[in-house]
Amino acid sequence: QNHHILIAFFSRPDENYSVGVVSQGNTEIMANYIAQKLNADTFKIEPVAPYPQKYDDAVMQATTERNTNARPKIANTIPDFSQYDTVFVGYPIWWGDLPMIMQTFFESYDWTDKTIVPFNTHEGSGESGTYDYIAGLLPNAQILPGLAMTGHVARTESAHDTIDNWLQKLDLK
């Protein structure tokens, strides 16, 4: 294992836009592939209260969280976060923004002198300005170029070439 790299991600399975009901979310599929390529540790951000299985219900809950600036509680924590120099952070784009649980995640750790590599899945909104947002939120960290991938593409073999090319360009030590 490359213990200096962590792949941390939030991903929602169940009923998803454009891919139907899935046992593994799009972002998780991306995260697992990146972890395998880099021989890195993974950390799945798990909400204390799981999101509803039905897409429309999850949309309603996420909208309420956004409107109330909520910080959904995370059920698990990263053991010894200080051991990681580089943290890949993955998430879906929900209505043009980060899911609010990602705010909780960023506020839970000291990101000073960390290298952050964002990646995300979406259904047409790209990274939606979230990479710059993260850079502003965590000014003591270095943010490397991220990768935004359409959710249904993340589920295919063709995603691997795109991810491989991105990882190669990052030139991680």
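Normalised by the number of residues in the stretch 107-173, the average gap of Cα pairs under 8 Å and 6 or more apart makes the relative contact order 36 percent.
Just to confirm a number: summing +1 for Lys and Arg and -1 for Asp and Glu over residues other than G151 whose beta-carbon lies under 14 angstrom from that of G151, what do you get?
On the way: positive: R12, R155; negative: D14, E15, E28, E123, E127.
So the surrounding residues net to -3.
Peptides 22-33, 51-62 ordered by packing proxy, namely the average of other Cβ atoms within 10 Å per residue, highest first: 22-33, 51-62. For the chain, averaging the sequence separation of C-alpha pairs within contact (under 8 Å, six or more residues apart) and dividing by the residue count gives a relative contact order of 23 percent. Give the label of the value calculated from the structure for percent of Cα pairs over 27 Å apart, choosing from (1) 19; (2) 26; (3) 43. Of the labelled values, this structure produces (1). Which one, P50, P13, P79, has the greatest fluctuation when you compute a Gaussian network model over the chain with C-alpha springs under 10 angstrom? Answer for the Gaussian network model of the chain: P79. Other residues with beta-carbon under 14 Å from the beta-carbon of K54 carry, at +1 per Lys or Arg and -1 per Asp or Glu, a net charge of -3. Could you estimate the translational diffusion coefficient of the stretch 40-128 from the Stokes-Einstein equation, with Rh from the Kirkwood formula over C-alpha pairs, at 25 °C and 0.890 mPa s, in whole µm²/s? Roughly 172 µm²/s, to the nearest whole number. Give, as a single signed number, the net charge of other residues whose beta carbon lies under 12 Å from the beta carbon of P92, with Lys and Arg counted +1 and Asp and Glu -1. Around P92, the charge tally is -3.
For the stretch 1-63, the Kirkwood estimate of the hydrodynamic radius, built from every pair of different alpha carbons, is 12.7 Å. Can you grab the distance from the C-alpha centre of the stretch 11-60 to the C-alpha centre of the stretch 127-153, Å, no decimals? The stretch 11-60 and the stretch 127-153 have Cα centres separated by 18 Å.
Helical content of the chain, expressed as a calculated mean residue ellipticity at 222 nm, amounts to -10000 deg cm²/dmol (DSSP H runs of 4 or more residues, -39,500 (n - 2.57) each, divided by residue number, nearest 500). Of the beta bridges in the stretch 44-158, as assigned by DSSP with both residues counted there, near 15 percent are antiparallel. In terms of overall dimensions, the stretch 34-82 has a Cα radius of gyration and Dmax of 14.5, 38 angstrom.
Of the residues F105, F81, F119, the one that moves most in a GNM of the chain with alpha-carbon contacts below 10 Å is F81.
A short reminder: the numbers here are calculations on the coordinates, not readings from a lab. Keep in mind the model is a prediction, meaning the values are calculated, not measured. Heads up, the Cβs are rebuilt from the backbone with ideal geometry, glycines too, and the neighbour counts pull from every protein chain shown.
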